[in-house]
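Here the structure is laid out as structure tokens; the discussion comes afterwards.
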């Protein structure tokens with residue numbers, strides 16, 4: 001079996017010659033341009049002969065075009081540092097507007113996918129990383145939970161307004177990613193679908209409805225979508241119904 005045949009068989013539940021394998025991680029020093037991100041990704045793929053690739057862009061790519069500023073930490077194993085962002089109070093959530101995928105940082109990430117498709121697309125599937133809307137919201141405020149939780153408690157309409165814009169933006173970006181050669185989306189719930197952060201009812205209101213809108217929009221266009229859930233005491237029964 002070649003790499004794609006192995007993954008296809010595994011997704012169908014058919015017999016495989018071996019379990020398809022991959023591994024990934026951030027290269028914090030090389031994730032700041034499409035070219036260097038692609039080079040780091042291809043080096044990892046080639047060195048270890050993985051069966052598929054999970055693209056690992058800098059997390060802040062989701063929010064930089066909305067004015068969230070992050071900069072490299074200057075240390076190889078330390079994530080980028082938050083400098084400033086557009087959300088100063090609950091009312092600011094209502095001010096963000098949809099982004100176009102062919103501009104700014106988002107188009108830079110599409111360029112990385114294009115380069116990656118040219119480098120390895122003939123040989124292996126690759127999936128682009130996209131955070132759930134709550135995860136994107138968290139990065140708008142410096143990767144902190146409390147400002148998001150505060151708005152959920154104090155101004156639900158403001159949070160829903162932001163989540164609606166974020167969902168629209170990343171549906172369009174996901175479709176553009178697939179058009180550039182990605183085989184699917186690595187969709188991360190970023191630790192929100194867990195007990196102790198939101199109740200299950202709260203996650204259904206502020207998480208699930210937007211997750212499903214996103215996943216339903218791409219499921220007929222992609223063949224290899226992965227759901228990633230961080231944390232402990234995850235709402236597995238809720239997430240098990242997701243179309244991934």
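Considering only strands (runs of 3 or more DSSP E) fully contained in the range 1-113, which possess at least 2 residues that are without any contact (Cβ under 8 Å) to a residue 40 or more places away in the chain, touching a strand residue (DSSP E or B) at 6+ places or on another chain (Cβ under 8 Å) and surrounded by fewer than 17 Cβ atoms within 10 Å (Cβ to Cβ)?
69-71, 81-84
Return the total of residues in the range 119-139 being in contact (Cβ under 8 Å) with a residue 60 or more places away in the chain and out of contact with any strand residue (DSSP E or B) (no Cβ under 9 Å at 6 or more places or on another chain).
Residues meeting the conditions: 5.
Answer yes or no as to whether residue 221 is in contact with a helix residue (DSSP H, G or I) (Cβ under 8 Å, 6 or more places away or on another chain), surrounded by fewer than 20 Cβ atoms within 10 Å (Cβ to Cβ), touching a residue at least 24 places away in the same chain (Cβ under 8 Å) and within 18 Å of residue 101 (Cα to Cα). Explain how you work it out, then say what you get.
Numbers: in contact with a helix residue (DSSP H, G or I) (Cβ under 8 Å, 6 or more places away or on another chain): yes; surrounded by fewer than 20 Cβ atoms within 10 Å (Cβ to Cβ): yes; touching a residue at least 24 places away in the same chain (Cβ under 8 Å): yes; within 18 Å of residue 101 (Cα to Cα): yes.
For residue 221, the condition - in contact with a helix residue (DSSP H, G or I) (Cβ under 8 Å, 6 or more places away or on another chain), surrounded by fewer than 20 Cβ atoms within 10 Å (Cβ to Cβ), touching a residue at least 24 places away in the same chain (Cβ under 8 Å) and within 18 Å of residue 101 (Cα to Cα) - is met.
Given the criterion in contact with a helix residue (DSSP H, G or I) (Cβ under 9 Å, 6 or more places away or on another chain) and within 20 Å of residue 115 (Cα to Cα), identify the matching residue among 52, 48.
From the options 52, 48, the qualifying one is 52.
Here, each number is a calculation from the coordinates, and none is a lab measurement. Here the structure is a predicted model, which is why all the values come from computation and not from measurement. Here the Cβ is made from the backbone with ideal geometry for all residues, glycine too, and neighbour counts use every protein chain on show.
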